[in-house]
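Below: the structure, in structure tokens.
The values are calculated or read from the model by the stated rules, or taken from the named source; none is laboratory data. Keep in mind that this is a model prediction, so the values were computed, not measured. Cβ: placed from backbone, ideal geometry, glycine included. Neighbour counts: every protein chain shown.
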């Protein structure tokens, strides 16, 4: 279809439709770094106790929430929380938080409209819709946008915050007298977005941990998780 044939209301309708579609099918780009000493992949069944990375015994509300998501993720691998922490076979350590906001540059597509300046010769000025408003002499019959002609590349600044969750597992006994326990596996997941809502990000991060637990990524990789993916629903539902 010729884009010049669109009415001046068509781009607005398409924009609303795109927003509605995106809201229902949002995808999270999660950076994941996983390590495992188990060459067979996912860990065998066993009991565990959870503690914070700093070793403190405090369990603030956000830590309890993160622990709840991780317990659900671990259950997907046949692991369960020990009734008595002293008898647990494994120690699961959690670390999570968010960084200070920082600006980044992003390449985006913006709709472009042709606005006739002179009705006699139809000379047009092309401007991205996201730029400054047109002057009065650029308006056509009160329409500040004019005729939709397509999309153009543009660079915009976005302020983002990184939300991260790191989960590691070690044996609940020394490797040898005087030596620390072996670390069996570790998964670190992070998301960068304009949102500062760590609580909203935790189920997604826990899902990434569950999917990569027992694997070795050999460095940082990017996983795409749909907001309505069954694994995310499983984590949110909990045990």
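Some observations on this one:
- Residue in the stretch 95-103 that is at pLDDT 85 or above and crowded, with 16+ Cβ neighbours inside 10 Å present: yes
- Between 54, 137, the distinction of being in contact with a strand residue (DSSP E or B) (Cβ under 9 Å, 6 or more places away or on another chain), at pLDDT below 80 and either assigned to a helix (DSSP H, G or I) or on the phi > 0 side of the Ramachandran plot (or both) belongs to 137 only.
- From the list 198, 205, the one residue that fits, being buried (at least 23 other Cβ atoms within 10 Å of the Cβ) and in contact (Cβ under 8 Å) with a residue 40 or more places away in the chain, is 205.
- Leading residue by the ranking (nearest to residue 98 (Cα to Cα)) among those in the stretch 186-207 that are assigned to a helix (DSSP H, G or I) and touching a helix residue (DSSP H, G or I) at 6+ places or on another chain (Cβ under 9 Å): 198
- Verdict on residue 116 being touching a strand residue (DSSP E or B) at 6+ places or on another chain (Cβ under 8 Å), part of a loop (DSSP other than H, G, I, E, B) and modelled with pLDDT under 80: no
- Among residues of the stretch 83-99 that are in the same structural domain as residue 188 (by TED's automatic domain parsing), none has a beta-carbon under 6 Å from a residue that is exposed (fewer than 12 other Cβ atoms within 10 Å of the Cβ) at least six positions away or on a different chain.
Residues are listed down the side, and each one gets a yes or a no for (1) in a strand (DSSP E or B); (2) surrounded by 15 or more Cβ atoms within 10 Å (Cβ to Cβ); (3) modelled with pLDDT under 95:
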{"position": "150", "(1), (2), (3)": "yes, no, yes"}
{"position": "157", "(1), (2), (3)": "yes, no, yes"}
{"position": "162", "(1), (2), (3)": "yes, yes, no"}
{"position": "169", "(1), (2), (3)": "yes, yes, yes"}
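- Residue match in the stretch 231-239 (condition: modelled with pLDDT of 95 or more, closer than 18 Å to residue 37 by Cα and over 11 Å from the mean Cα position of the chain (by Cα)): no
- Unmet requirement for residue 225, which otherwise passes all of (1) farther than 19 Å from residue 93 by Cβ; (2) at pLDDT below 95; (3) not in a loop (DSSP other than H, G, I, E, B): (2)
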